[in-house]
Every structure is written in C-alpha cells, then in structure tokens.
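Since the structure comes first, as structure tokens, the remarks are kept for the end.
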Amino acid sequence: MTGRSTEPRDLARPQAIAEALGRLGEPITEAQARDVAVRQVCDCQAGMFALAPTRRGLLGSAGLVAAVGATAMLPRASLANAPPGAVEYPVPEDPTKEPGRLMGVDGGYGSRSQFETDVRWVNPTRSASFTPLQASYGTITPSGLHYERHHAGIPTIDPGRHRLIIHGMVERPIKYSLADLKRFPTVSRTYFLECSGTTGSEIMKAREPTVQRTHGLVSTSEWTGVPLSTLLKQTGLKPSAAWVLAEGSDAAVMTRSVPIDKCLSDALVVFAQNGEAIRPEQGYPMRLFLPGWEGNISIKWLRRLEVSDKPFYTREETSKYTDLITTTGKARIFTFTMEAKSVITFPSGEMNLPGPGFYEITGLAWSGRGKIARVEISTDGGKNWSLAALQDPVLPISQTRFRFPWIWDGTPAVIQSRATDETGYNQPTHQQLIDERGPLESGPLFYHMNGIQSWAIAADGSVKNVHPT
C-alpha cells in the first residue's frame, strides 16, 4: 500500500468547487436567450405535425412523405461517412423549421447518432477488441461496445440446431435446446467480465497510450439466463462429483475445468445480454458465465458440460491462463478470481485538458470478490490520498463508477486511483506485484495484473500513460 489516506484537502472545498464551476460555460444575456427562442418559431409550426387535426390530409400514404420532404427523413444512398452503428442523414440548418424523419426508416432496430464515433479498438492479430472506456458513462457497457476475445474466430451457430449436453458423473445425462433452456425460471444479474490478460503488458513499463488499450478488456452488462445449479440438479450429481469440464462450439473447442462449488453457487448459463439475445461475439446462442472469475473460463458458444471427480488440465489452463512466478520458474494454476481493480477514465491517456480549472476525475472500480467498499484518488503520484464518491448503484461483482472533484492549478500532476473491496483487499502497486511474482521482462503475458494505473498531466494539459516510480 502506498502513500497515506487523508480527508479531502483545500482543493476540494465546496466554495472553491462552486467558484470553479461558475466559470464554466459561455454567459449570455436574457435578451440573447429570448432572441434565440423567437428565431426558432415559424408560422408553419402550428401545422407541422402529422397527427395534428388541422393536417388530416397528410395522413394519406404518399402525402406525409411529400409534405415533409423525403430527403429530411430518409438516409442518404451513400453511408460511407457514417460511423459504425449509425446512418448518415442530412443535417438541416435549423431543426425546428424542418420536420424530422419518420419512424421505421432504420429498419426497426435503431441506430446511434451519426455524430457518435466511439468504437472498439481491434488488436493487430484481430483476436481481441477493446471497450472505449474513455467514452463510457455510468457502468453498463452497450452490447455493441463490449470487449471481445476469441481464439479461433466467431462461429455462426443456428440456435435451432444447437444443443447443450450435460453428462459424466451424473445419474441422468441430459441434452437441452435453447427453447428448453428458456422454459426454466431465469434470473438477470449485472456483472463485469474481464479478460485475465487485461493490462498484462503494462507490468514493467507503460506501453499502451490510452485507457481503452490498457484496460479495455473489461465490460459490464446485465446477463440473463438459468442458474447452472438448476440444470445440474436435474441430472442427479454423483457424490464424488468435484469438477465440470465446460466446452465451447468454436473452432478452438475452448475447454476449461470449473470447480463444482462454483457451478452450484452463482454460475449461470446465459442467453441474453442487456435485454436482448447475446451477440455472436459474446457466445450466441448460449454461454457459461462465472461471476468474478477470469473471462476465459466463462466458455462461449457452450455445448457440453462433463462432470468429473478431478480437473481436466486442458490447454487453456496449463500452457495459458496461469500465473508465472519468475523467481522460481513455476506457475500458479487455477487462479480464477479477478481481484479489486480501478482505473481513471477521465482524464486519461491522449486526452488534453483545455486549461486550469475545475474537472471531475471519474473512472471505474470492480472486484471479483464482491462490492467495492471505497476508492481513493491521488493527484500527486501516490503521496496523498483522498476518498472519491461512489455512484449508486454499488453492486457486487460489478463495475462501480467513482467521482472526485478536482481543481487543476495548471502544474504537472500524476493522478491515480486505488480500490478496496468489501473483503478488505487493497489494489496493489506494480512494484508489489513484481515483488510477489518476480519481474517479467519478456515472454508470456502477466495475467491478473491489477496494479494502480498512473496518468501524468503536463503543464500544457496533455495526458500520458506513465509507469509509477
């Protein structure tokens, strides 16, 4: 543990904050505000809306489109300029003087604004894509921005043909279709999911420029499915059952051994995410979900669960996803839990602060052990720490948004966050992890790297990823 905890100091005084906030924005006069309001009113507004009784004639099949102008409501033929997930539409000079587009022209699914451009960043090997945490609000990650990690691409699976088989040390082996699964009582839970390789390349030095590329292999969603314990109960587990092999339907035939205790506690077989069917890159039509554990073990495209009295020691839990101890030349196996972690998302790498004044430092904290109990912020490289506010809801095994008011005086600063979960576990420094497991100058990824992240803010407002000293 570094530094010392203190109460918020003078920089966070309510009066100073109020004064700094008062300097934000562009003041205008009441006359200017009224002038804008007057200019936004036109004589035609009284009859502008299609359902207004004075314009009943517009309800004809062709009259409505003709009256409001097809170009104002239909997308352009060329969508080359629209960002992913959006449709490009003409932008009127004054949206109050031209009716908007009709409902349904997007095909019925919906799209985001053409002015929003944040997307997942895909690594050079195209085996992982990273959530744009720097643009996140709240805690829920949109399904279209949830991180991905694949070992043999994304399979295309017909849900009508897909089956989940449960067998091995059970009295009644069973095969379930997706339709069968949906007939069971379901639950919805909000959980984070994190690849155990997140920030793994950052242990010895700062490598990646942005928070998306350092921490983007973590996301939070609402997951809906059936408790695995409910399904296993139907099979009649034999007394010696101790492990379950989970197997996926991808070309890698991803397999991992799961302790039976986890299977019988909070494990889920999920088929929905954020209110709709899980997406193909997240395991459609069904996946295993093990809350708080490394993402690789939550097998996607789940097709088989084999119950056994011992672990299976598969490729993904021996040659990979183990914690190398370089001081001994050995590796720890079955280190499932993702420990407490946090990161400041604003301000963060490659951002630029326009000048001194008020800023709200914000970010995300999470722990596979349960709820986040507190987050502390340092603006001087870990010498002093102050408590941040936790934004509700604070849920177990879910990301929690934290906020901290800060008045930047324009001098260089190093900002950090430090999380503590409800078990009392404190987020460590990089050096504490190196002392525990030894340095890792090259070779395999440093799994379960949850060290404190540092962002350096220069006098010109530029923000850079730096390694703690």
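The values are calculated or read from the model by the stated rules, or taken from the named source; none is laboratory data. These figures come from a predicted structure and were not determined experimentally. We place every Cβ from the backbone using ideal geometry, glycine too, and count neighbours over all the protein chains shown. Calculation scope for accessible area: heavy atoms of the full protein, side chains included, ligands and nucleic acids excluded. Shrake-Rupley method; radii C 1.70, N 1.55, O 1.52, S 1.80 Å.
How large a share of the accessible area of the stretch 371-469, in percent, is made up of carbon and sulfur atoms when the probe is 1.4 Å and the other protein chains stay in place? Spell out each step's value before the answer.
Numbers: 2190 of 3970 Å².
Reported share for carbon and sulfur atoms: 55 percent.
Considering only C-alpha atoms, what is the centroid distance from the stretch 269-319 to the stretch 111-162, in Å?
Here the answer is 17 Å between Cα centres.
Hand me the trypsin sites (Lys or Arg not before Pro) from the stretch 120-227 located in a DSSP loop with no more than 12 other Cβ atoms within 10 Å, in residue order please. Intermediate values should be presented prior to the final figure.
Values: sites: Arg120, Arg126, Arg149, Arg161, Arg163, Lys175, Lys182, Arg183, Arg189, Lys205, Arg207, Arg213; in loops: Arg120, Arg126, Arg161, Arg183, Lys205, Arg207.
Loop-located and lightly packed - Arg126, Arg161, Arg183, Lys205.
Could you point to the residue in Pro439, Ser265, Leu324 farthest towards the positive end of the chain's charge dipole, with +1 and -1 charges on the Cβ of Lys/Arg and Asp/Glu respectively?
Value computed over the given set: Ser265.
How big is the charge dipole of the chain about its Cα centre, in debye rounded to the nearest 20, if each Lys and Arg gets +1 on its Cβ and each Asp and Glu gets -1 on its Cβ?
Working: 49 positive and 47 negative charges, 287 e Å.
Once rounded to the nearest 20, the dipole reads 1380 debye.
At 7 Å along the Cα-to-beta-carbon direction for both Glu222 and Ile140, put a label point, then send me their distance in nm to one decimal.
If labels sit at Glu222 and Ile140, their model points lie 0.5 nm apart.
Suppose the chain between Glu26 and Gln391 were pulled fully straight at 0.36 nm per residue; how much longer would it get relative to their current alpha carbon spacing? Please list the in-between numbers first.
Values: separation 365, 0.36 × 365 = 131.40 nm, distance 2.84 nm.
Length gained between Glu26 and Gln391: 128.6 nm.
Keeping every protein chain present and rolling a 1.4 Å probe, give me the accessible area per residue for the stretch 374-428 in Å². Please report the intermediate quantities before stating the final value.
Numbers: 1970 Å² over 55 residues.
That works out to 36 Å² per residue.
So which chymotrypsin sites (Phe, Trp or Tyr not before Pro) in the stretch 87-164 pass both tests, a DSSP loop state and at most 16 other Cβ atoms within 10 Å of the Cβ? Intermediate results must be reported in sequence, preceding the final value.
Values: sites: Tyr109, Phe115, Trp121, Phe130, Tyr137, Tyr147; in loops: Tyr109, Phe115, Tyr137, Tyr147.
Passing sites in the stretch 87-164 are Tyr109, Phe115, Tyr137.
What does the charge dipole of the stretch 206-301 about its Cα centre add up to, to the nearest 20 debye, if the Cβ of each Lys and Arg holds +1 and the Cβ of each Asp and Glu holds -1? Please report the intermediate quantities before stating the final value.
Working: 9 positive and 9 negative charges, 33 e Å.
In debye, rounded to 20, the stretch 206-301 gives about 160.
Using a Förster distance of 60 angstrom, determine the FRET efficiency expected from the C-beta separation of Lys464 and Lys97, and round it to 0.05.
Values: r = 46 Å, r/R0 = 0.76.
Once the sixth-power term is evaluated, E becomes 0.85.
At a temperature of 10 °C and a viscosity of 1.306 mPa s, determine how fast the chain diffuses translationally according to Stokes-Einstein, using the Kirkwood radius over alpha-carbon pairs as Rh; express D in µm²/s, rounded to the nearest whole number. Kindly include the intermediate steps, with their values, before the conclusion.
Values: Rh = 25.3 Å.
Here the translational diffusion coefficient equals 63 µm²/s.
Straight-line reach from Lys238: which lysines have a Cα under 29 Å away, not including same-chain ones fewer than 8 places off?
Lys175, Lys182, Lys262, Lys300, Lys310
Regarding the stretch 129-268, what are the three Cα extents along the principal axes, ordered largest first, in Å?
Computed over the stretch 129-268, the largest-to-smallest principal extents equal 54, 31, 29 Å.
If I take R0 = 35 Å and measure r between the Cβ atoms of Asp435 and Thr411 in this structure, what FRET efficiency does the formula 1/(1 + (r/R0)^6) give, to the nearest 0.05? Write out the running numbers ahead of the final one.
Numbers: r = 32 Å, r/R0 = 0.90.
E between Asp435 and Thr411, to the nearest 0.05, is 0.65.
Taking a probe of 1.4 Å, how large is the accessible area per residue of the stretch 145-200, in Å²? All intermediate terms of the calculation are to be shown ahead of the outcome.
Working: 2760 Å² over 56 residues.
That works out to 49 Å² per residue.
With the dipole of the chain worked out from charges on the C-beta (+1 for Lys and Arg, -1 for Asp and Glu) around the Cα centre, which of Tyr147, Ser298, Gly363 lies farthest toward the positive end?
Value: Ser298.
Kindly state, to the nearest 0.05, the FRET efficiency for Arg161 paired with Lys238, given R0 = 35 Å and r defined as their beta-carbon distance.
Working: r = 30 Å, r/R0 = 0.86.
Approximately 0.70, to the nearest 0.05.
Given Pro468, Ser398, Ser378, which one lies farthest toward the positive end of the charge dipole of the stretch 363-469, if we put +1 on the Cβ of every Lys and Arg and -1 on the Cβ of every Asp and Glu?
The Cα lying farthest towards the positive end belongs to Ser398.
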